[in-house]
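Take a look at the structure below.
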Amino acid sequence: MIYKRIRDLREDRDLTQKDLAKCLNCSQQVYSNYELGQRDIPTDILIKLSAFYKVSVDYILGISENPKIQK
């Protein structure tokens, strides 16, 4: 679920894996491995993705279907 969700978020914004990798300060290959589920996504990367997309970490993790950040 998490891997599909980060791919969908990226594709919905017409971004490439290279675009995201640059924002996350990692290589395109590392980011690709996140999307393919071949590498665990570190907590700091989850937080950066959450901030970048303005969605909750729970949404990225598939815990919530509501992408809005709770205040």
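The values are calculated or read from the model by the stated rules, or taken from the named source; none is laboratory data. The model shown is predicted, which means the values in this text are computed figures rather than measured ones. Here Cβ is always computed from backbone atoms with ideal geometry, including for glycine, and neighbour counts include all displayed protein chains.
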Seminar exercise, completed: Over the stretch 39-50, the set of residues surrounded by fewer than 13 Cβ atoms within 10 Å (Cβ to Cβ) and at pLDDT 95 or above is Pro42, Thr43, Asp44, Ile47
Problem set entry | Among the candidates Asp40, Asp58, residue that is acidic (Asp, Glu) and not in a helix (DSSP H, G or I) | Asp40
For this session: Say whether the condition of being buried (at least 16 other Cβ atoms within 10 Å of the Cβ), at negative phi and within 10 Å of the chain's Cα centre (by Cα) is met by at least one residue in the stretch 13-23.
Result: yes
Exercise. Do you know which residues across the stretch 18-37 are at pLDDT 95 or above and part of a loop (DSSP other than H, G, I, E, B)?
Worked result: Asn25, Cys26, Ser27
For this session: Considering every residue within the stretch 53-62, establish whether at least one is of a type in the set (Asp, Glu) and loosely packed, with under 13 Cβ neighbours inside 10 Å.
Result: no
Exercise. Is there a residue being polar (S, T, N, Q), out of contact with any His (no Cβ under 6 Å at 6 or more places or on another chain) and on the phi > 0 side of the Ramachandran plot anywhere in the stretch 26-41?
Worked result: no
Problem set entry | Pair list, Cβ < 8 Å and 6+ apart or interchain, from the stretch 8-32 residues that are within 22 Å of Gly62 (Cα to Cα) and free of Cβ contacts under 8 Å to residues at least 24 places away in the same chain to residues that are β-branched (Val, Ile, Thr) and part of a helix (DSSP H, G or I) | Ala21/Val30
